[in-house]
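The values are calculated or read from the model by the stated rules, or taken from the named source; none is laboratory data. Please read these numbers as outputs of a predicted model, since none were measured by experiment. Counting neighbours? That spans all protein chains shown, and the Cβs are built from the backbone with ideal geometry, glycine included. Note: areas computed on protein heavy atoms with side chains; ligands, DNA, RNA excluded. Shrake-Rupley method; radii C 1.70, N 1.55, O 1.52, S 1.80 Å.
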Amino acid sequence: MTRTPVNVTVTGAAGQIGYALLFRIASGHLLGADVPVKLRLLEIPQGLKAAEGTAMELDDCAFPLLQGIDITDDPNVAFEGANVALLVGARPRTKGMERGDLLSANGGIFKPQGKAINDHAADDIKVLVVGNPANTNALIAQAAAPDVPAERFTAMTRLDHNRAISQLAAKTGAAVSDIKRLTIWGNHSATQYPDIFHAEVAGKNAAEVVNDQAWLADTFIPTVAKRGAAIIEARGASSAASAANAAIDHVHTWVNGTAEGDWTSMGIPSDGSYGVPEGLISSFPVTCKDGKYEIVQGLDINEFSRTRIDASVKELEEERDAVRGLGLI
Ligand SMILES: NC(=O)c1ccc[n+]([C@@H]2O[C@H](COP(=O)([O-])OP(=O)(O)OC[C@H]3O[C@@H](n4cnc5c(N)ncnc54)[C@H](O)[C@@H]3O)[C@@H](O)[C@H]2O)c1
Ligand SMILES: O=C(O)C[C@H](O)C(=O)O
């Protein structure tokens, strides 16, 4: 194989998402079946031994695309030459906790990591923040990396997007692959707004196919928005395999593009589109091509949607103000 390997850094590599993620990166699902990768695993000192165990298992898979694994507790080493960074390591929410409770605990992690990305990553670095509160952690990391173009910092709402597709497919009896143009707006939190007004079910408008406003408002939206909490309640631990799968989807789509006629949802720095204040990392409908994303423009936002988008954006503004108050941005 002659292609230069892509350096992929994963933080929190010894955690439950890390365990579900690394094997899929190494087997080519993140970037493509012909793209060799080198993995850099960042952990805190207590996590290094477990990360070594995972690396032993990765070796034992003899993945043809995996060209090396480095393990470190030093962000400066972990992000050296990184092309893709998956910031997973954070404190997960446990029963009864709201994501906002995690702001100060996790803020301290993302500022030094942002600085290390700024100082050491490759020029084409793409960052996905998974660790919660993902949007605001992405904002913290981005603020600490003034030399990296702001749009390279993204937050994961693809799990919400996939959850919404699955719920809509179940309601309409359509195949998952028949659902297109679904949008998650706002924060990866209970205020997020899964929007079906522009979505399609087998080529027909999803809201018209559903034709059930009560289901939309009282079942669909809360089920998607509170799915993380429902998983925690059921499993006694936050979602892991589905989160890892969504992280793979997010980066794969960013790098390899959206399908013709479809779009996806990504938490990205707002350019002011749809009335979302510039700079906030909020989820939008985006198309991806040639390793870049663009916000889908010109969608008509009805009053029902407007109220919900505004509520989630307000929460993002409050989180931003809180981390500003803590000196994290
Ligand atoms: N955006 C989403 O859709 C989404 C979905 C699921 C989970 N999450 C979040 O992802 C994060 C990770 O979840 P998990 O279940 O893997 O948690 P986990 O506790 O199993 O693993 C987290 C790992 O991160 C490590 N870690 C902590 N601080 C670190 C640091 N400074 N540098 C490197 N590693 C560090 C820990 O040692 C641990 O191994 C949580 O914040 C969780 O809430 C987000
Ligand atoms: O909800 C959580 O805290 C975990 C994760 O963000 C999820 O959506 O499953």
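Separation of the range 211-227 and the range 171-204, taken as the distance between their Cα centroids, equals 11 angstrom. A cut-off under 9 angstrom between Cβ atoms defines the neighbours of THR72, and their net charge, with Lys, Arg +1 and Asp, Glu -1, is -3. For the chain, the convex hull drawn through the C-alpha positions has a volume of 131 cubic angstrom per residue. Once the Cα-Cα distance is subtracted from the 0.36 nm per residue extended length, the GLU151 to SER177 segment shows a gain of 6.5 nm.
Counting only protein heavy atoms and a 1.4 Å probe, the range 205-329 has 47 square angstrom of accessible area per residue.
Placing R0 at 25 angstrom, the Cβ-Cβ distance between ALA202 and ALA170 gives a FRET efficiency of 0.95 after rounding to 0.05. If the segment from ASP70 to ASN302 were pulled out straight at 0.36 nm per residue, it would be longer than the present Cα-Cα gap by 78.6 nm. For VAL323, the accessible surface of its heavy atoms amounts to roughly 0 Å² (probe 1.4 Å, protein chains only, rounded to the nearest 10). Cα-based values for the range 1-47, radius of gyration first and Dmax second, are 11.5, 37 Å. Within the listed set ASP60, ASP310, ASP178, the Gaussian network model of the chain (springs between alpha-carbon atoms below 10 Å) gives the highest mean-square fluctuation for ASP60.
Relative contact order, whole percent, for the range 1-140 stands at 27, derived from Cα pairs under 8 Å and 6 or more residues apart. Tally the DSSP beta bridges in the chain and give the antiparallel ones as a percent, rounded to 5. That works out to approximately 45 percent antiparallel. Of all DSSP beta bridges confined to the range 120-227, the antiparallel ones make up roughly 70%. Ignoring GluC sites (Glu not before Pro) that are buried or in helix or strand per DSSP, and keeping those with at most 13 other beta carbon atoms within 10 Å, what is the longest stretch of the chain between them? Value returned for the longest uninterrupted segment is 99-259. Rounded, prolate or oblate, given the Cα gyration tensor of the range 1-125, with a/c below 1.5 counting as rounded? Since a/c reaches 1.5 and a/b is larger than b/c, the shape of the range 1-125 is classed as prolate. Can you tell which of LEU86, LEU30, LEU65 shows the greatest fluctuation in a Gaussian network model of the chain with Cα springs below 10 Å? Of LEU86, LEU30, LEU65, the Gaussian network model singles out LEU65 as fluctuating most. With 20 Å as the limit, the listed pairs LYS171/LYS314; LYS49/LYS115; LYS111/LYS289; LYS226/LYS314; LYS126/LYS292 have LYS171/LYS314; LYS49/LYS115; LYS111/LYS289 beyond it between alpha carbons. Apply the a/c threshold of 1.5 to the C-alpha gyration tensor of the range 240-292 and tell me whether it is rounded, prolate or oblate. Since a/c reaches 1.5 but b/c is at least a/b, the shape of the range 240-292 is classed as oblate. The candidates LYS180, LYS314, arranged from most to least accessible area with a 1.4 Å probe in the full protein assembly, appear as LYS314, LYS180. Between ALA259 and LYS226, the contour length at 0.36 nm per residue exceeds the alpha carbon distance by 9.1 nm. Across the chain, the relative contact order, built from alpha-carbon pairs under 8 Å that are at least six residues apart, equals 17 percent.
Accessible-area rank, largest first, for THR4, THR72: THR4, THR72, with all protein chains present and a 1.4 angstrom probe. Carbon-plus-sulfur fraction of the accessible area of the chain, 1.4 Å probe, in percent? Percent of accessible area from carbon and sulfur atoms in the chain: 49. The residues of the range 133-192 present an accessible area of 30 Å² per residue when probed at 1.4 Å with all protein chains retained.
Rounded, prolate or oblate, given the Cα gyration tensor of the range 152-283, with a/c below 1.5 counting as rounded? Rounded, since a/c falls under 1.5.
Accessible surface for the range 24-63, divided over its residues, is 49 Å² per residue with a 1.4 Å probe.
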